[in-house]
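Asks: Just dropping this structure here.
The values are calculated or read from the model by the stated rules, or taken from the named source; none is laboratory data. Just so it is clear, the model here is predicted, and its values are computed rather than measured. In this analysis, Cβ positions are derived from the backbone assuming ideal geometry, glycine residues included, and neighbour counts consider all displayed protein chains. What goes into the accessible areas is simple: the full protein's heavy atoms, side chains included, and nothing from ligands, DNA or RNA. Shrake-Rupley method; radii C 1.70, N 1.55, O 1.52, S 1.80 Å.
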Amino acid sequence: MITVIIPTNRFECLKVIFEKCINLYKGTLFKFAVHDSSEDNDIKNLCLQYCKTKKCNLQYYQYNPSLSVDIKAINAIKTINSDYFWLFGDGNLVNFNEMEQLLISNDFMRYDVLNIDTLDRRGYLGQDKEKCANYIYAYEKPVEYARKYFSRLTYWGSAIIRTKYYNCIFSENIIDKYVDNQIPWWIACSIFEAIAYWNEKNIRSILGVVYTDCISYNPAKKDHWWTQDEKYYFYVFTKFNQGINLLPKIYSSERKTIICFFRNDALVSNSYLLYLRSIGTLNRIFVKKYKSEIVVVDGFYYKMLFFCCIPQTIAVIGNRLKYIIKKFFS
């Protein structure tokens, strides 16, 4: 069985997940655990009402609103007693009926870590264009897997993980260095820590990736809250670089490659920089302040300065046109 962990304090996002995902699920592979840290009882009442009217396996946990979302998620993982867990951000939607069939037909239980990716990302940045949809591809080389999929695995909802395989993160206190250093990218870092841990013990890891149309984005989810101010630079450059530097030596040769792909993937792409310029987050003051972290990988510092030269009003217009064009051609 797979426990779908949903840490959230966003009622509207969870409501959509219930309506479009959990309510429609008819299978037996998944069970759901909502970990709520909201300041009111709306999420609690939604879950309790659902438990009264539906037979789906749902558990509800309530936390103090002051508890950070990362600590809440880590504590949630520690409670898992199912074969696998899926740390599922509230920005995701999944057709769990189709996902169950996909996993079973691909013998998913042979995998220790399974990267779940959206179909529209197949071929993105020149990667995996040849891969078939809804088919799990296996990898056994940790460094290759890190180079290709570390960026995607930073997102909640991108990995189904064997619980016993991951538990070394807690039993060996590996998670502590990411918690102590307040690394927001701890989930991807800890996944690759587990892979390195078992590799050192000469125990083969079976790692997988699948591109599927079973997963999509939750329209109720807003953009990352931390992109609105200086936290963007602190998280994307300072903290991500720190997290990568904390990884085991096995990944040393790929550190810059991982950082570069992560930046190009979304958060420092041309499209996203235009958006950041349109809301004022991208400006010369912050770019120059974080220069030492940005220049760890060549090419990004001067590109960001170039985008800073675009007048904010022009960036607003360009950002709007970008979405109109994307919608027109989709």
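Asks: Taking residue 164 as the anchor, which lysines have their alpha carbon closer than 25 Å to its alpha carbon, excluding any fewer than eight residues away along the same chain?
Replies: The reachable lysines, counting only those whose Cα sits under 25 Å from residue 164, are 31, 72, 78, 141, 148, 177, 201, 249.
Asks: Compare the peptides 91-100, 118-127 by average per-residue count of other Cβ atoms within 10 angstrom and give them in order, highest first. Don't jump to the answer; show the numbers that get you there.
Replies: Details: 91-100: 20.2, 118-127: 13.8.
In decreasing order of mean packing, 91-100, 118-127 become 91-100, 118-127.
Asks: Would you work out the charge dipole size for the chain about its Cα centre, treating the Cβ of every Lys and Arg as +1 and the Cβ of every Asp and Glu as -1, and quote it to the nearest 20 debye?
Replies: Numbers: 43 positive and 32 negative charges, 133 e Å.
So the dipole magnitude of the chain works out to roughly 640 debye.
Asks: Another question, if that's okay. Along the charge dipole of the chain, Cβ charges K/R +1 and D/E -1, which of 184, 324, 34 sits furthest on the positive end?
Replies: Toward the positive end, the furthest listed residue is 324.
Asks: I would also like to ask the following. Just to confirm my numbers, what's the Cα centroid distance between the range 196-247 and the range 1-15 in Å?
Replies: Cα centroid of the range 196-247 versus Cα centroid of the range 1-15: 18 Å apart.
Asks: Quantify, in whole percent, the carbon and sulfur part of the accessible surface of the range 176-256 (1.4 Å probe; protein heavy atoms only). Before the final figure, lay out the partial values.
Replies: On the way: 1790 of 3720 Å².
Using a 1.4 Å probe with all protein chains present, the range 176-256 comes out at 48 percent carbon and sulfur.
Asks: Compute the distance in nm between two label points, each set 7 Å from the Cα along the Cα-to-Cβ direction, one at residue 53 and one at residue 292.
Replies: Going by the 7 Å Cα→Cβ label model, 5.7 nm.
Asks: Follow-up. Considering only DSSP states other than H, G, I, E and B, which trypsin sites (Lys or Arg not before Pro) in the range 259-330 qualify as loop sites with at most 11 other Cβ atoms within 10 Å? List each step's numbers first, then the result.
Replies: Values: sites: 263, 277, 284, 288, 289, 291, 303, 320, 322, 326, 327; in loops: none.
Counting only loop positions with at most 11 other Cβ atoms within 10 Å, none of the trypsin sites (Lys or Arg not before Pro) in the range 259-330 qualifies.
Asks: Report the calculated FRET efficiency for residue 170 and residue 305 (r = Cβ-Cβ distance, R0 = 56 Å), to the nearest 0.05.
Replies: Values: r = 43 Å, r/R0 = 0.76.
It comes to 0.85.
Asks: Given +1 on the Cβ of Lys and Arg, -1 on the Cβ of Asp and Glu, and no further charges, what dipole in debye does the range 1-49 carry about its Cα centre, rounded to the nearest 20? Don't skip to the end; give the middle numbers.
Replies: Working: 6 positive and 6 negative charges, 65 e Å.
So the magnitude is around 320 debye.
Asks: With charges set only on the Cβ (+1 for Lys and Arg, -1 for Asp and Glu), what does the dipole of the range 206-330 come to about its Cα centre, in debye to the nearest 20?
Replies: Roughly 280 debye, rounded to the nearest 20.
Asks: Using the charge dipole of the range 221-302 (Lys, Arg: +1 at Cβ; Asp, Glu: -1 at Cβ; taken about the Cα centre), state which of 252, 300, 226 has its Cα farthest towards the positive end.
Replies: Checking the options against the dipole of the range 221-302, the answer is 226.
Asks: What accessible area, in Å² to the nearest ten, does a 1.4 Å probe give for residue 185?
Replies: Accessible area of residue 185: about 20 Å².
Asks: Also: Run the simple label-point estimate for residue 271 and residue 40 please: 7 Å along Cα→C-beta, distance reported in nm.
Replies: Between residue 271 and residue 40, the label points sit 3.4 nm apart.
Asks: Next question, about the same structure. Taking the Cβ of residue 38 as the center, what net charge do the other residues with Cβ under 14 Å away carry, scoring Lys and Arg +1 and Asp and Glu -1? Walk me through the numbers on the way to the answer.
Replies: Values: positive: 10, 15, 44, 72; negative: 12, 36, 39, 40, 42, 90.
Neighbour charge sum, excluding residue 38 itself: -2.
Asks: Another one. In square angstrom, what is the accessible area per residue of the chain with a 1.4 angstrom probe? Spell out each step's value before the answer.
Replies: Values: 15810 Å² over 330 residues.
Computed with neighbouring chains in place, this is 48 Å² per residue.
Asks: Just grab the label-to-label distance for residue 140 and residue 121, each label 7 Å out from Cα along the Cβ direction, in nm (one decimal).
Replies: Result: 2.6 nm between the two label points.
Asks: According to the square roots a ≥ b ≥ c of the eigenvalues of the Cα gyration tensor, what is the shape class of the range 193-298, taking rounded for a/c under 1.5, prolate for a/b larger than b/c otherwise, and oblate for the remainder?
Replies: On the way: a/c = 2.64, a/b = 1.41, b/c = 1.88.
Oblate.
Asks: Next question, about the same structure. Given the -39500 (n - 2.57) contribution per DSSP H run of 4+ residues, what per-residue ellipticity at 222 nm results for the chain, rounded to the nearest 500 deg cm²/dmol?
Replies: On the way: 16 runs with 140 residues, N = 330.
It comes out at -12000 deg cm²/dmol, rounded to the nearest 500.
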